[in-house]
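Structure record follows, encoded as structure tokens.
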Amino acid sequence: MFKKIIKGGHKKHSKSDSIDGSFHGYGLPGSGHPGSGSNSSVVVNYASRPGHNAKSSNPCPRTTLPPMFAVEPLPLFKDVAVSDRQNLFLRKLQICCFRLDFSNTLKLVREKEIKRQTLLELVDFIQSGSGKITERCQEEMIKMVAVNIFRCLPPASHENTGQEAKDPEDEEPYLEPSWPHLQIVYELLLRYIVSSDTDTKVAKKHIDHTFISKLIDLFGSEDPREREYLKMILHRIYGKFMVHRPLIRKAINNIFYRFIYETQRHSGIGELLEILGSIIHGFTLPMKEEHKLFLVRALIPLHKPKAVSVYHQQLSYCVVQFVEKDYKLADKVIRGLLKYWPMINCQKEVLFLGELEEVLEATQTAEFQRCIVPLFRQIARCLSSAHFQVSERALFLWNNEHIVGLVAHNRQVILPIIFEALERNIQHHWNETIHGLTANVLKMFLEMDAELFDECETRFEEKKAKARDVEEQREMIWEKLADAAAERGGDHMVTV
């Protein structure tokens, strides 16, 4: 049966078997042909590198398999002899290189199911470890993966219609129609990378810089399912192939720079930051200058875009990891947060205050003292915010024991900066919860240093008295001007 299927590749295909515009075969492994698809692209060329060049490095004879012109079922691995499984593996890869049209769910249903089942068989074969695949099979498998996953991503909805871009949180994600096949291809790649049978020296020849660069570009996909698989795969590649680590970090940096300074549109920032969180966790001390520059030039400016709320949790984790690794970076991080602090976006301010608390929790006294004045001027503005969530989140900082300890050691500088904001909250803020929280903070300072508290209260009252005097003088001047105008202008004066 197996020999008949192999011979079947030579038969002249009938009109009913011919490949129409609905699906194309690209770079069939082992065929030596670049593929019959008319819309060839960079992906096609990459995935169809001629196999005969490898003869010089591989002393074993390279069997050229006949090309396949239709998607037909092949026998299961368990139904053929062990010696024939490598060739069957290659034939199954040929079937999986056909790209089928998923725009119409009723079209090519049989071919889609055959390809899906074939992909599942390949995953089981790799996962079971029933037979170690040859170097040639590994090469052809990576080509098949490239054929399926490397494609032009559809434009975002606002790019199609020309409308103004919406908030990413409000947009419905685009779901890839070919996901039933694409998911299994990603699963196959993941299983291959994590398999203990995979030889890193052999695998890195095929999972090369070009492959990884294109893989990272796919993080722009709007489908969250695809980005989740990409995250797992890239993380595994980073852990297994040390030679590719600088390239991966550089490629991620470039995506961040383009996002921050050019487009401010990218679907995969959160997933890339998750990967970086694990990478940063593994940094050794003393930290390289390259990593510190990445913090200053990429991570901190990522607080600027409007869509920061989409990926802020992952971003905050990365930033805090840097401070926990090297506490001397706390000053740079805090000043960076102050630089990009939102002026009118209250929800963004709440996020920043949450991140600030985590950073301060890892901050030592010396670094805290370097940025204490600009930091608490900003906190004072947040304390007196009319938006109760901002004011509430700022007051919650005093629930953290470490922060209270830092404040207590530097109360001579901090209390005079924030005392006015606290007093105004007590007297004028509209929210009762804010009144209670503010009273607790004032009580805490009173218990810390009653003498300093009295000094600040005296200054505040003096300032209020001066402000009243200035206001009274201003009113008197306006009254005099009005009287003088009335005497000169008479009935022609217009009062407002």
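Applying a 10 Å radius around every beta-carbon, put 367-378, 388-399 in order of their mean neighbour count, most first. Don't jump to the answer; show the numbers that get you there.
On the way: 367-378: 17.1, 388-399: 18.8.
Answer by packing, highest mean first, reads 388-399, 367-378.
The separation of segment 412-442 from segment 342-382, counted between C-alpha centres, amounts to 17 Å.
One Cα centroid belongs to segment 173-218, the other to segment 236-276; the line between them spans 16 Å.
Between residue 209 and residue 388, what is 0.36 nm times their sequence separation minus the Cα-Cα distance? Round to one decimal in nm.
Numbers: separation 179, 0.36 × 179 = 64.44 nm, distance 5.06 nm.
Result: 59.4 nm gained on full extension.
Projecting label points 7 angstrom from Cα along Cα→Cβ for residue 242 and residue 402 puts them 3.2 nm apart.
With each label modelled as a point 7 angstrom along the Cα→C-beta vector, the residue 132-residue 79 pair spans 2.9 nm.
Add +1 for every Lys or Arg and -1 for every Asp or Glu among the other residues with Cβ under 13 Å from the Cβ of residue 293, and state the total.
After counting each charged neighbour, the total is +4.
Taking label points 7 Å from Cα along the Cα-to-Cβ direction, residue 480 and residue 101 give a separation of 8.8 nm. Net charge of the neighbourhood of residue 400, taken over other residues with C-beta under 9 Å away and scored Lys/Arg +1, Asp/Glu -1, is -3.
Need one number: convex hull volume per residue for segment 181-296, Cα atoms only, in Å³.
111
Basic side chains Lys and Arg get +1 at the Cβ, acidic Asp and Glu get -1 at the Cβ, and with that the dipole of segment 219-363 about its Cα centre reaches some 540 debye.
Of the accessible area of segment 274-315, computed with a 1.4 Å probe over protein heavy atoms only, carbon and sulfur atoms account for 53 percent.
Going by the alpha-carbon gyration tensor, a ≥ b ≥ c the square roots of its eigenvalues, is segment 219-363 rounded (a/c under 1.5) or, if a/c is not under 1.5, prolate (a/b greater than b/c) versus oblate? Provide the component values of the computation, followed by the final result.
Details: a/c = 1.81, a/b = 1.17, b/c = 1.55.
Cα axes put segment 219-363 in the oblate bin.
If a/c stays under 1.5 just call it rounded; otherwise compare a/b with b/c (prolate if a/b is bigger, oblate if not). Do that for segment 342-385, with a ≥ b ≥ c from the square roots of the Cα gyration tensor eigenvalues. Verdict is oblate for segment 342-385. Of 112/143; 143/304; 107/231; 78/143; 201/288, which pairs sit farther than 29 Å apart, going by alpha carbon to alpha carbon? Flagged as over cut-off: 143/304; 107/231. Relative to its Kirkwood radius, the Cα radius of gyration of segment 97-155 gives an Rg/Rh of 1.04.
Find the percent of Cα-Cα distances in segment 245-312 that exceed 16 Å, and round it to a whole number. It would help to have the intermediate numbers written out before the result.
On the way: 1004 of 2278 pairs.
Above the 16 Å cut-off, segment 245-312 has 44 percent of its Cα pairs.
Across the options 287, 241, 321, the greatest Cα extent toward the positive end of the charge dipole of segment 219-363 (unit charges at beta carbon of Lys, Arg, Asp, Glu) belongs to 241.
The values are calculated or read from the model by the stated rules, or taken from the named source; none is laboratory data. Keep in mind that what you see is a predicted model, and the values were worked out from it rather than measured. Every residue, glycine among them, receives a Cβ derived from its backbone with ideal geometry; neighbour counts consider all protein chains shown. When the accessible area is computed, the model is the full protein with side chains, heavy atoms only, and any ligands, DNA or RNA have been set aside. Shrake-Rupley method; radii C 1.70, N 1.55, O 1.52, S 1.80 Å.
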